[in-house]
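Rule-based calculations on the coordinates, nothing more; no lab input. Values in this document were obtained by computation on a predicted structure and should not be read as measured data. Positions of Cβ are generated from backbone atoms using ideal geometry, with glycine treated the same way; all protein chains shown enter the neighbour counts.
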Amino acid sequence: MSSTNDTIVREYGKIESAQVELFRKAVGAMSTAFPPTYATIYRHPEFTWLDKLNLKLENVLHTDQSYEFFEPLIIGDSPRVVTQTKSHRVRRGTHFLTLESTVTCNGVKKIAIVSSFIIKEETP
C-alpha cells in the first residue's frame with residue numbers, strides 16, 4: 001500500500017436546481033427541501049484517493065460514514081472538497097483507515113464527511 005498522507009482536492013461546478021431535483025427523484029425524497037443525502041455525491045474524492053493506493057476492491061471494506069452539517073448547501077454553491085487521512089493504523093497486516101472530506105463553498109465550511117475502511121494487505 002502506498003502513502004496514506006496524500007490530499008485530494010476537487011472543485012465542483014455550481015449546484016443547479018435541476019441536479020437537485022434529479023437526485024430527489026432518484027432517492028424518492030418527498031420533500032422539496034435540499035436532501036441531506038445529496039452530500040454523498042461529494043464522497044467521490046475518497047474513491048480517487050483509494051484508487052491512488054492501487055488496491056483491489058475485494059480487499060477493502062467500507063465500515064462507517066458520518067456527516068456533520070455546519071451550513072446548508074444552496075442552489076448556486078460551488079463546492080470544493082478536500083479529502084485527507086484522519087487516521088491510519090496497521091495491526092497484523094490489516095490497515096484501519098479513516099478519511100475526512102471537508103466540503104466548503106466560498107471559503108465557508110458546509111459539511112464534514114468521515115468514512116472508515118478496513119483494508120487487508122494482499123498475501124503473496
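Relative to the longest principal axis of the C-alpha atoms of the chain, give the angle of the C-alpha long axis of helix 17-27, reported between 0 and 90° and rounded to the nearest 10°.
Roughly 60 degrees between the two axes.
Count charges around GLN65 for me, please; just the other residues with Cβ under 10 Å from its Cβ, Lys/Arg as +1, Asp/Glu as -1. Display every interim value, and only then the final one.
Details: positive: ARG43; negative: GLU46, ASP64.
Taking every Cβ under 10 Å from that of GLN65, the sum is -1.
For LYS86, which sequence-distant residues (separation of 5 or more, or a different chain) have an amide H within less than 5 Å of its own amide H, given hydrogens modelled in the peptide plane?
Placed amide hydrogens put THR98, LEU99, GLU100 under 5 Å from LYS86.
Which lysines, if any, have their Cα less than 22 Å from the Cα of LYS52, not counting same-chain residues under 8 positions apart?
List returned: LYS86, LYS120.
Relative contact order (percent) for the chain, with alpha-carbon contacts under 8 angstrom and 6 or more residues of separation? It would help to have the intermediate numbers written out before the result.
Values: 219 pairs, mean separation 39.2, N = 124.
Across the chain, relative contact order equals 32 percent.
Which cross-chain or sequence-distant (5 or more) residues have an amide H under 5 Å from the amide H of GLU121, H modelled 1.01 Å from N in plane?
HIS95
Compute the signed sum of charges (Lys and Arg +1, Asp and Glu -1) over the other residues within less than 13 Å, Cβ to Cβ, of THR98. The partial results should precede the final answer.
Details: positive: LYS86, ARG89; negative: GLU46, ASP64, GLU100.
Net of charged neighbours comes to -1.
Using DSSP to define loop residues, name the chymotrypsin sites (Phe, Trp or Tyr not before Pro) in the stretch 23-103 whose beta-carbon has at most 11 other beta-carbon atoms within 10 Å. Before the final figure, lay out the partial values.
Details: sites: PHE23, TYR38, TYR42, PHE47, TRP49, TYR67, PHE69, PHE70, PHE96; in loops: PHE70.
Counting only loop positions with at most 11 other Cβ atoms within 10 Å, none of the chymotrypsin sites (Phe, Trp or Tyr not before Pro) in the stretch 23-103 qualifies.
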